[in-house]
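Since the structure comes first, as structure tokens, the remarks are kept for the end.
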Amino acid sequence: MTDEEKEELALMLNSMQEKKLLQEEFMLLWNESASDKEPKLSENAEQQILSSIFAANHRNAALPKKRLHRIYMRVATVAASLLFLISLGAVFSYFSGEKRSSSVFIAKTIPVASTTPTSYTRNVILPDGSTVVLKAGSTLEYPPIFSGTTREVSLQGEAYFDIAPDKAKPFIIHTDEVKTTVLGTAFNIKAWLDQHKVTVSVTRGKVKVENKERILAVLTINEEVQYDLADATNVKKAAVDGDIVTDWTKQDMVFQNMTFSEIAKALSKRYGVNIEIRSKELAGTEMVSSFSGTESLDVVLTILCGIYPDTHFSINNKDVVISSLKSIN
């Protein structure tokens with residue numbers, strides 16, 4: 001566009017009675033496309049903008065028709081480009097917003113320290129990767145990192161431990177005056193303050209149980225020892241059914257005709273994670289499944305998602321996303 005044409009265009013625009021309206025129209029369309037999930041441009045939007053641009057008053061009639069037509073065409077091109085950019089921004093906003101809001105169900109957990117007793121059973125992962133199922137009402141104290149030559153925790157209540165092997169760092173559980181030492185095994189400890197006794201049951205591996213004075217017992221698979229805190233001489237060692245001992249860990253992990261969204265709520269509380277389901281059909285699907293409660297979240301989700309084709313999950317720290325590419329029949 002030449003300088004002369006620019007001057008004529010400026011004269012034409014300055015003479016428009018609707019100039020202010022045109023500016024407001026552009027700003028409105030821009031703001032709507034940037035902030036709303038759905039594009040607000042109507043089918044006649046382009047025509048409305050162009051009409052506003054071309055709605056000059058009669059003083060423009062003095063302009064030569066050919067030159068005026070050429071200027072109109074330039075303005076129309078600019079307006080069409082602006083409309084394209086606005087529409088593109090609206091579409092991008094729509095699809096990106098759709099992606100952000102694609103979840104049909106989100107179960108959010110409330111972080112609770114393992115030192116705080118709760119009314120529900122929960123799974124805890126220790127700094128060394130060991131896992132603990134902490135029974136409702138129990139507390140477990142442990143450091144943010146196991147430094148030194150041992151890994152030591154303190155338990156009040158009942159818990160099932162599955163200890164990550166580390167021969168260089170024995171794992172020690174303190175329960176009142178009783179100390180249980182392991183190198184890599186799975187076992188159950190019951191130490192309620194009002195019961196005045198400590199019971200250690202082994203389901204895998206080998207543990208050593210002792211008090212301040214002596215070794216009370218060395219246990220292997222399906223063995224347990226009971227120690228009376230009020231009577232140090234009262235020590236009972238016996239065979240035990242490991243499945244019965246850990247039956248309590250199944251609490252809240254048996255799902256009978258529950259929807260996936262209901263199961264997600266239970267898992268969110270149990271494992272302390274936020275679970276997001278991005279499939280409406282999957283969220284409302286009922287299923288029957290049960291777990292021992294000692295499994296990792298990854299194992300549980302692998303089994304649940306494996307029931308239906310093209311159902312996937314991802315775990316990122318405390319956030320879990322579940323999606324399905326196919327409709328659930």
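No value in this document is a laboratory result; all are computed from the given coordinates. Just so you know, these numbers come straight off a predicted model, no measurement behind them. Every residue, glycine among them, receives a Cβ derived from its backbone with ideal geometry; neighbour counts consider all protein chains shown.
Values as computed for the structure displayed
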read-out: Length-normalised contact order for the range 217-285 - Cα pairs under 8 Å, 6+ apart - percent; value: 21 percent
read-out: Label zone at Leu325, where the point sits 7 Å out along the Cα-to-Cβ direction: the range 272-293 residues whose backbone N lies under 19 Å; value: 277-283
read-out: ³J(HN,Hα) computed for each position of the range 114-121 - Karplus, 6.51 cos²θ - 1.76 cosθ + 1.60, integer Hz, glycine/proline x; value: 5, 8, 9, x, 10, 8, 9, 7
read-out: Radius of gyration and Dmax over the Cα atoms of the range 122-248, both given in Å; value: 13.4, 36
read-out: Least to most buried among His196, His174 (fewest other Cβ within 10 Å first); value: His196, His174
read-out: Burial ordering of Asp247, Asp176, fewest other beta-carbon atoms within 10 Å first; value: Asp247, Asp176
read-out: When the range 102-193 is reduced to its Cα atoms, the Kirkwood hydrodynamic radius in Å; value: 14.0 Å
read-out: Exposure proxy order (Cβ contacts within 10 Å, fewest to most) of Arg122, Arg214, Arg204, Arg151; value: Arg214, Arg204, Arg122, Arg151
read-out: The range 182-240: chymotrypsin sites (Phe, Trp or Tyr not before Pro) in DSSP coil with no more than 16 other Cβ atoms inside 10 Å; value: Trp192
read-out: Entries in Lys212/Lys236; Lys212/Lys269; Lys197/Lys265; Lys108/Lys135; Lys135/Lys236; Lys206/Lys269 that, when Cα-Cα distance is taken, lie over 27 Å; value: Lys212/Lys269; Lys197/Lys265; Lys206/Lys269
read-out: Amide hydrogen neighbours beyond the local backbone of Thr203, cut-off 5 Å, H modeled; value: Ala186, Phe187, Asn188, Asn222
read-out: Estimated vicinal HN-Hα couplings, Hz - the range 180-196 in sequence order (Karplus 6.51, -1.76, 1.60; Gly, Pro = x); value: 10, 10, 9, 10, x, 6, 10, 7, 10, 10, 10, 8, 7, 4, 7, 9, 6
read-out: Whole-angstrom gap from the range 128-147 to the range 172-196, using each part's C-alpha centre; value: 12 Å
